[in-house]
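J.: A single structure is presented below for examination.
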Amino acid sequence: MIKNNPALCLLLGILFLIACSPAGSDTKNKSKDDLKQAEYALAIHGGAGTMSKANLTPETEKSIREALNNALSIGEEILKNGGTAMDAVEQTIIVLENSSHFNAGKGAVFTNAGTNELDASFMDGATRNAGAVGGVTVVKNPIKAARAVMEKSAHVLLTGEGANQFAREQNIEIVDPSYFHTDRRWESLQKAKAREEQTGELFSIDSPFKYGTVGCAALDKSGNLAAGTSTGGMTNKRYNRIGDSPIVGAGIYANNNTCAISSTGHGEFFIRFAVAYDISAMMEYKEMPFQEAADFVINQKLKAEGGSGGIIGVDKYGNVAMPFNTSGMYRGYVKPGEREVLIFR
Ligand code: ASP
């Protein structure tokens, strides 16, 4: 009967071709846009929080945008010239760590004891190797120490004095702890302490003490993904508190099969909800597009539990997602012929 019916034959042929096409399964649930390949892509954040035009002077806003743009330019130059995602992430984060605008490196916030304890992480999407440091006090650029932990140690996470010592042994630049003192962050600590005395509240996203962690995710021309995160943690933290930033799966994740992510926000929630890994897992197991998975975790799952913050990331196709559930997030991205720096919604 099939032999005598050319139309049926054609229909069956088409159905057979669709079923056998390798793209048939890979494109499940994906729009054409999601599959678009960018030659390279890089996304950054400088923290999420309560940001309004009212509490940001035009001069400060201009200077923050400049810092974000400088960071994007450094990263883009590396990727454009065929450099690795890992180098782009590290160099981009160093620019942000060296700016006093952000809560990482130079601009790190103060602990309750009036010290600065910095956390950072680094992850390679090709191998899923990772390195991180927690509570370092003398390392000028904690992101360098995190990468060194990944590449030069048998461990994933080093903390406190041991992490300082490891950085010294790796000839990573060491500074006096006073390097991290900025008047602005010192004042924030005094305000946070006063607020704690009045309300008993340790941290609050609704307060003017916004976060400010920095992060970067990149896709290079070879198709490798990498991510990094660096922070001073939360103002007024005690007891050597460590947040999500150096925790793989929470403050960072990178997997060449899915995406690279850096998080910022209330770290305790990001750890409990394994935010960065959760997004990657939905892409891996449910074949969800990056934007959809990231939006779901940040704007539904996390938000419903009172977890504030956001993520930035790049997927294996070069798509960028930057969802957040706070009023603002310093963020930006570059791809060939495209660049954007944003603060508010
Ligand atoms: N996530 C960081 C922490 O909890 C804070 C931030 O993102 O600004 O330590």
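Coordinate-derived values only; no laboratory data. Keep in mind the model is a prediction, meaning the values are calculated, not measured. Glycine gets a Cβ as well: all are built from the backbone with ideal geometry, and neighbour counts include every protein chain shown.
J.: Taking R0 as 22 Å, what FRET efficiency do you get between Gln37 and Glu287 from their Cβ-Cβ distance, rounded to the nearest 0.05? Spell out each step's value before the answer.
T.: Details: r = 18 Å, r/R0 = 0.80.
Given R0 = 22 Å and the Cβ-Cβ separation, E is 0.80.
J.: Same structure, new question: Starting from the stretch 154-253, pick out the trypsin sites (Lys or Arg not before Pro) whose DSSP state is loop and whose Cβ has at most 10 other Cβ atoms within 10 Å.
T.: Arg238
J.: Let me ask something additional. As I understand it, the value is the acute angle between the Cα axis of helix 142-152 and the longest principal axis of the Cα atoms of the chain; what does it come to in degrees, rounded to 10?
T.: For helix 142-152, the angle is close to 60 degrees.
J.: Using 0.36 nm per residue of separation minus the Cα-Cα distance, give me the extension gain between Leu202 and Asp87 in nm, one decimal.
T.: Gain on stretching Leu202 to Asp87: 37.7 nm.
J.: Right, something else. Any chance you could give the angle, 0 to 90 degrees and rounded to 10, that helix 275-286 forms with the longest Cα principal axis of the chain?
T.: 10 degrees
J.: Convert each backbone phi in the stretch 181-198 into a coupling constant with the Karplus relation 6.51 cos²θ - 1.76 cosθ + 1.60 (shift: θ = phi - 60°), then list the ³J(HN,Hα) values in order as whole Hz, x for Gly and Pro.
T.: 6, 10, 4, 4, 5, 5, 4, 4, 5, 4, 5, 5, 5, 4, 5, 4, 5, 6
J.: At Arg238 and Ser222, where each label point lies 7 Å from the Cα along Cα→Cβ, what is the point-to-point distance in nanometres?
T.: Each label point lies 7 Å from its Cα, and together they span 4.8 nm.
J.: While we're on this one: How big is the Cα convex hull of the chain in projection, averaged over all directions, in nm²?
T.: 20.4 nm²
J.: Also: Calculate for the chain the 222 nm mean residue ellipticity that helices alone would give, adding -39,500 (n - 2.57) per DSSP H run of length 4 or more and normalising by residue count, nearest 500 deg cm²/dmol. It would help to have the intermediate numbers written out before the result.
T.: Details: 10 runs with 118 residues, N = 345.
Helix-only estimate at 222 nm: -10500 deg cm²/dmol.
J.: Same structure again: For the chain, what's the relative contact order in percent, using C-alpha pairs closer than 8 Å and at least 6 residues apart?
T.: This gives 25 percent for the chain.
J.: Continuing with the same structure: If the chain between Ala113 and Leu342 were fully stretched, how many nm would it gain, using 0.36 nm times the residue separation less the Cα-Cα distance?
T.: Using 0.36 nm per residue and subtracting the Cα-Cα distance, I get 79.1 nm.
J.: On full extension of the chain, what length is gained from Asn171 through Lys191, given 0.36 nm per residue of separation minus the C-alpha to C-alpha distance?
T.: 3.5 nm
J.: Using Cα atoms only, what is the angle between the long axis of helix 58-80 and the major principal axis of the chain, expressed in degrees (0 to 90) to the nearest 10?
T.: Helix 58-80 sits roughly 50 degrees off the main axis of the chain.
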